[in-house]
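Inspection log for the structure reproduced underneath, given as structure tokens.
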Amino acid sequence: GGRMSKLQVETISHTNNTTAMTVDSSGRILQPTKPSFCARHNGSTFATDGATIAWNTTDGTYGSFDIGSNYNTSTYKYTIPITGVYWFQMESITNASANNITLQIRGGSDGGDTLQQSHITKDHTNWQTQQISILKSFTAGDQIHCYQVGNVTWYGATWGWFGGCLIG
């Protein structure tokens, strides 16, 4: 038979004492510095027309957060801090008619590459949820954001968000 090793620790940290991982008594793993965020719009409705969608807060308002401080609330872009596989999603409601709107997740070194698209056409003014998501390998420094081609009004507060996290 082969030799087996067993590592028994409660905390794994960097040499500068930054905790990277903890394991509780049930074997659950917590990674408190793993990059993730949830950006929201601080306000009710907001219109976007051919621009990056303004998810403008990560300060705790409406449950928003930014572990690692990688989301810019002025440019509305998330900068990839470490190369790896990430998941991103945007979701919001709208009650306006929309004709031939394209919802996109854009990325790349300048944030200009279209990575994922969703088509929106609504011929009514009832509330409807729109969402888009992507699971992809990204390179450190890539800028990720939601972009909209066409004019539609989104709803902010707790009705909409843009977020993501490092998978590994």
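At a Förster distance of 35 Å, what's the computed FRET efficiency of THR153 paired with GLN31, Cβ-Cβ distance as r, to 0.05? Can you show the working numbers first?
Details: r = 37 Å, r/R0 = 1.06.
Efficiency at R0 = 35 Å is approximately 0.40.
Report the paramagnetic label zone for VAL85: residues of the stretch 39-79 whose backbone N is under 19 Å from a point 7 Å from Cα along the Cα-to-Cβ axis.
From the stretch 39-79, the list is empty.
For the stretch 40-63 and the stretch 4-28, what is the separation of their C-alpha centers, rounded to whole Å?
Cα centroid to Cα centroid, the span is 37 Å.
Would you mind computing, in nm to one decimal, how far apart the modelled labels at ASP24 and ASP123 are, each placed 7 Å from Cα along Cα→Cβ?
Rounded to a tenth, the inter-label distance reads 5.2 nm.
What are the lysines whose alpha-carbon lies under 27 Å from the alpha-carbon of LYS6, with same-chain residues fewer than 8 places away excluded?
Of all the lysines, those that pass the test against LYS6 - Cα under 27 Å, at least 8 places apart if same chain - are LYS34.
If amide hydrogens are placed 1.01 Å from N in the peptide plane, which non-local residues have theirs closer than 5 Å to the one on THR45?
GLY156
Short version: what are the Cα gyration tensor semi-axes of the chain, square root of 5 times each eigenvalue, largest first, in whole Å?
Numbers: eigenvalues 263, 55, 45 Å².
In descending order, the three semi-axes are 36, 17, 15 Å.
Under a 5 Å amide H to amide H cut-off, with H placed in plane at 1.01 Å, what residues pair with MET21 once short-range neighbours are removed?
Counting only residues 5 or more places away or on other chains, the set is ILE12.
In a Debye calculation with equal point scatterers on the alpha-carbon sites of the stretch 1-92 and no solvent, what is log10 I(q)/I(0) at q = 0.10, 0.25 Å⁻¹?
So the normalised log intensities work out to -0.42, -1.31.
Values in this text are rule-based calculations from the coordinates and carry no lab data. Remember, it's a predicted structure, so these values are computed and weren't measured experimentally. All Cβ positions, glycine included, derive from the backbone under ideal geometry; neighbour counts span all protein chains shown.
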